[in-house]
1. For region B:52-63, give me each residue that is part of a helix (DSSP H, G or I) and either open to solvent by less than 10 Å² (accessible area, probe 1.4 Å) or more than 9 Å from every other protein chain (Cβ to nearest Cβ) (or both).
2. Among A:Leu28, A:Leu62, A:Leu36, which is the only one that is more than 13 Å from chain B (Cβ to nearest Cβ) and either assigned to a helix (DSSP H, G or I) or touching a helix residue (DSSP H, G or I) at 6+ places or on another chain (Cβ under 8 Å) (or both)?
3. Go through (1) within 14 Å of another protein chain (Cβ to nearest Cβ); (2) free of Cβ contacts under 8 Å to residues at least 12 places away in the same chain for B:Val159 and report which single condition fails.
4. Looking at (1) part of a loop (DSSP other than H, G, I, E, B); (2) closer than 30 Å to B:Leu178 by Cβ; (3) within 12 Å of chain A (Cβ to nearest Cβ), can you tell me which one B:Gly20 breaks?
5. Could you figure out which of (1) at pLDDT 95 or above; (2) more than 19 Å from A:Leu39 (Cβ to Cβ); (3) basic (Lys, Arg) isn't true of B:Arg72?
6. Among (1) under 28 Å from the mean Cα position of the chain (by Cα); (2) open to solvent by less than 70 Å² (accessible area, probe 1.4 Å), which single condition is B:Trp157 missing?
7. Just the residues that are within 12 Å of the chain's Cα centre (by Cα) and touching a residue at least 12 places away in the same chain (Cβ under 8 Å), please, taken from region B:81-94.
Amino acid sequence: MTSSDKSSDTRRTQLYKGVLELALLSLLDEEPQYGLRILDRLREGAGLDLSEGTLYPLLHRLNKAGLILSEWRHEADASHPRKYYALTAIGQAELNAQRHDWLTLTQNLNAFLLRRSS
Amino acid sequence: MNDASTIHIWLNELERALAGLPEASRRDIVNEARAHLEDRVAAGLSARSALHGFGTVKDYARPFIEDFLLSRAITSNHSLHMIKALVTHSARSIVAFLGLTFAAAFGGLTLINLLWLIDKIGSPDKVGYFTDAGANNYIGRLPTSALGATEQLGPWWYVLTIAGIILSLFLARLCLRLSGFAIVRARSQSA
């Protein structure tokens, strides 16, 4: 990996840190999901290259903070129970606030970044 | 070594690394990791590939341990728990480092006041706040070279050292608690 690749990775990592919680809460707004599924959806759908070592501690922290709740479910098609996460009312409010802030920020920032090309 | 035993070994190490956590939390974290790994292997991934995203046991366990120590410190209001929590953060958090440093400084002041108090009780004529004819000031035990120095505070020395102990202890605990709260707040604001 070249030094420019490493710089690009570091930049992306810092950007991801700021949006990971928003993406996660947004995902759980759809329906309750378990860790592996959350990881795959965020990687494929949101383009966030995060690891298990980042996701599970975050889920743990959000659970403790009351933004999400968890329960173990044993589904018929699974060989073992899975821990599902769902948004709480507090999490929903936090999601709404973060989503509003993000959309406002990106709208303004995109317009600013594209000002010279228009 | 097959995939099942590789995962089993990693999970056993994780359980040992999380030994300081309450059993329910520890089991929950380990079981969730197990479910994830078993799903990945069942989908065709090797154990090594499935474990790659978790990193080393130490790295994976660290945020859970730090979270637990911090929560315990905040809820228990116990200085020792707070110190332990801040020590785990001090390498990566300037707030934790400064909190511990100031707490240690005030802790040192507590000790000094305590030693002065004990020394005064043992040697009331040789400990206190002294001045001599040459306008030299001496605090604590009077040096043998200081001749003709007069103690100025009398019994107020006891009052001031006891007040010093209480105030220093209070400030040391305050530094620990403020640092702990600052770290909790910072963690809740960042992913």
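The values are calculated or read from the model by the stated rules, or taken from the named source; none is laboratory data. Quick caveat: nothing in here was measured; it's all calculated off a predicted structure. Ideal geometry is used to build each Cβ from the backbone, glycine not excepted, and the neighbour counts take in all protein chains shown. Please note that ligands, DNA and RNA were not included when accessible areas were found on the heavy atoms of the full protein model with its side chains. Shrake-Rupley method; radii C 1.70, N 1.55, O 1.52, S 1.80 Å.
1. Here is the first cut: in region B:52-63, the residues part of a helix (DSSP H, G or I) are B:52, B:57-63.
Scanning region B:52-63 gives B:Val57, B:Lys58, B:Tyr60, B:Ala61.
2. Details: A:Leu62 fails: more than 13 Å from chain B (Cβ to nearest Cβ); A:Leu36 fails: more than 13 Å from chain B (Cβ to nearest Cβ).
Exactly one of A:Leu28, A:Leu62, A:Leu36 is more than 13 Å from chain B (Cβ to nearest Cβ) and either assigned to a helix (DSSP H, G or I) or touching a helix residue (DSSP H, G or I) at 6+ places or on another chain (Cβ under 8 Å) (or both), namely A:Leu28.
3. For B:Val159, the failing item is (1).
4. Among (1) part of a loop (DSSP other than H, G, I, E, B); (2) closer than 30 Å to B:Leu178 by Cβ; (3) within 12 Å of chain A (Cβ to nearest Cβ), the lone unmet condition for B:Gly20 is (3).
5. The single condition B:Arg72 does not satisfy is (1).
6. (1)
7. Residues satisfying the conditions are B:His81, B:Met82, B:Ile83, B:Lys84, B:Ala85, B:Leu86, B:Val87, B:Thr88, B:His89.
Residue-by-condition table, conditions (1) within 14 Å of another protein chain (Cβ to nearest Cβ); (2) surrounded by fewer than 19 Cβ atoms within 10 Å (Cβ to Cβ):
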{"site": "B:Ala43", "(1), (2)": "yes, yes"}
{"site": "B:Ser46", "(1), (2)": "no, yes"}
{"site": "B:Ala50", "(1), (2)": "yes, no"}
{"site": "B:Phe68", "(1), (2)": "yes, no"}
{"site": "B:Asn77", "(1), (2)": "no, yes"}
{"site": "B:Gly122", "(1), (2)": "no, yes"}
